[in-house]
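Heads up: the structure comes next, in structure tokens.
The values are calculated or read from the model by the stated rules, or taken from the named source; none is laboratory data. It should be emphasised that the depicted structure is a prediction, and the values quoted were computed from it without experimental measurement. Backbone-built Cβ (ideal geometry, glycine too); neighbour counts: all protein chains shown.
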Amino acid sequence: MNKLPMYVAALMMDVVNGSFFLIAGLVAAAVTDNPILIGLSGTLHFGVKILLSVYFGHLSDQIGRKPLLVASCLILASAVMLLLLPGSLTVVYLSFMLAGVTAAMFWPVLGAWAGEGADGQELLDDLGKFNIAFSVGMTVGPFITGGLMGLSTLAAVAFTLIGILAIITFVLQVKEPPRQTKVEQPQVGTVPPFVLVGWIANFANFTAVGIVRILFPKMALELGISSFGIGTLFGLFYLAWLVTFVIMRVHSGWQYNPAPLYLLQGVGIGGFAILWQARSSVGLALGLVLFGICVAMTYYSSLFYCQDGQPDRGRKTGFHEFFLGSGMLIGPFVGGILAERFALQTPFAFCILVTVLAMIVEMGVLRQGKNLSHPG
């Protein structure tokens, strides 16, 4: 199966995704000054995502990947067009919820499709290309959209819609392999320790990603950074993902080895500490880059462990997105409360606490070293 079109689709989706979050974040900041209300938009988005991720991942194991991917793009187009309506919290919340349906439908399905028919080193290579592709998209998207938002919201939305059309075009080019007549899909299975560790680490890091995506635009505006500057900072954040993904694909000694995971989680804690105290664009950039290195490690690890030797790739990749989305749900909600009661940068202190607790739990899971009951 030629997987190149799906890698391009992943790249384009994160160009579009980065654009959506920047547009929606700036629209939300224009509608209200209340960080709690802004954070609630992220809670609604990721709440929808975690409710539906496992379902759509499991469904794709049964009916195929392509129909769900095309449907997810059409839903995202509706979410983007809503942002052209007169600004209100209702419009912002509905747009974020529709984008949540897209996230639940697109990423577990495309992630499972990217690893289809591969294990071990071949899987590492396939997922490496997939991760590099979407991180290029995340890097490029904010730079472009930040500049377009300086012109008008309409220009940024038009660019995003063109990107969605391109995704559909590339998805339709991929030929799905014939489905097996009987897929091994046990109702209750087991979760190997490294799969669970990947989920835990991903949950902790994407708690912080939720804070960055939803609350960072407001925080940066308060520090006097322009929309283009905010887009540039997001681009550097995602560039750190890209570089880390490239290194992890080339140097494969990290699989089933907890030491690199713990080391880069420590790097992430350093990034949070800088973001907590930073008052300049240089400090924000450094903190985001360090955090970006950390989150790339946990994402790649979790996605690899969910598929390597696993019979129910779609379902486990759905759980990968479930824990990722759970963190992104909690992050904006708790972060919004902390920002309202203390300061806009206080949520990054919360990120340090969550990461430390996650590392303690990860060590306990690996020390026990036993397969656990499947969570669903």
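Odds and ends about this structure:
- Reported count of residues in the stretch 312-343, each being surrounded by fewer than 22 Cβ atoms within 10 Å (Cβ to Cβ), in contact (Cβ under 8 Å) with a residue 40 or more places away in the chain and among the small types (G, A, S), is 1.
- Selection count where residues are under 17 Å from I211 (Cβ atoms) and surrounded by fewer than 19 Cβ atoms within 10 Å (Cβ to Cβ), scope the stretch 275-284: 3
- Yes/no for G64 being at pLDDT below 85 and small (G, A, S): yes
- Filtered residue count, the stretch 122-161, keeping only those that are among the acidic types (D, E) and farther than 14 Å from L4 by Cα: 1
- Whenever a residue of the stretch 1-22 is more than 21 Å from A71 (Cβ to Cβ), its partners that are modelled with pLDDT under 80 and β-branched (V, I, T), lying with C-beta atoms within less than 6 angstrom and at least six residues away or across chains, give the pairs L22/T145.
- Residue within the stretch 218-232 that is without any contact (Cβ under 8 Å) to a residue 40 or more places away in the chain and either surrounded by fewer than 24 Cβ atoms within 10 Å (Cβ to Cβ) or not in a helix (DSSP H, G or I) (or both) present: yes
- When we screen G253, G292 for residues that are of a type outside the set (K, R) and outside any helix (DSSP H, G or I), the only hit is G253.
- Summed over the stretch 131-161, the residues that are in contact with a helix residue (DSSP H, G or I) (Cβ under 7 Å, 6 or more places away or on another chain) and either surrounded by fewer than 20 Cβ atoms within 10 Å (Cβ to Cβ) or hydrophobic (A, V, I, L, M, F, W, C) (or both) give a count of 18.
- Taking (1) modelled with pLDDT of 80 or more; (2) in contact with a Ser or Thr (Cβ under 7 Å, 6 or more places away or on another chain); (3) hydrophobic (A, V, I, L, M, F, W, C) in turn, I214 satisfies each apart from (1).
- From the list L59, L98, L37, the lone residue that is within 24 Å of G231 (Cβ to Cβ) and more than 20 Å from the chain's Cα centre (by Cα) is L37.
- Within the span defined as the stretch 98-108, one or more residues are at pLDDT below 85 and either outside any helix (DSSP H, G or I) or under 24 Å from R213 (Cα atoms) (or both).
Yes/no per residue for (1) among the charged types (D, E, K, R); (2) at positive phi; (3) surrounded by 24 or more Cβ atoms within 10 Å (Cβ to Cβ):
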| residue | (1), (2), (3) |
| --- | --- |
| P86 | no, no, no |
| L89 | no, no, no |
| G100 | no, no, yes |
| A104 | no, no, yes |
| V109 | no, no, yes |
| A112 | no, no, yes |
| D119 | yes, no, no |
| L124 | no, no, no |
| K129 | yes, no, no |
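- Unmet requirement for Q345, which otherwise passes all of (1) farther than 28 Å from M97 by Cα; (2) in a loop (DSSP other than H, G, I, E, B): (1)
- Looking only at the stretch 237-265, residues that are crowded, with 19+ Cβ neighbours inside 10 Å and either of a type in the set (A, V, I, L, M, F, W, C) or at pLDDT below 90 (or both) come to 11 in all.
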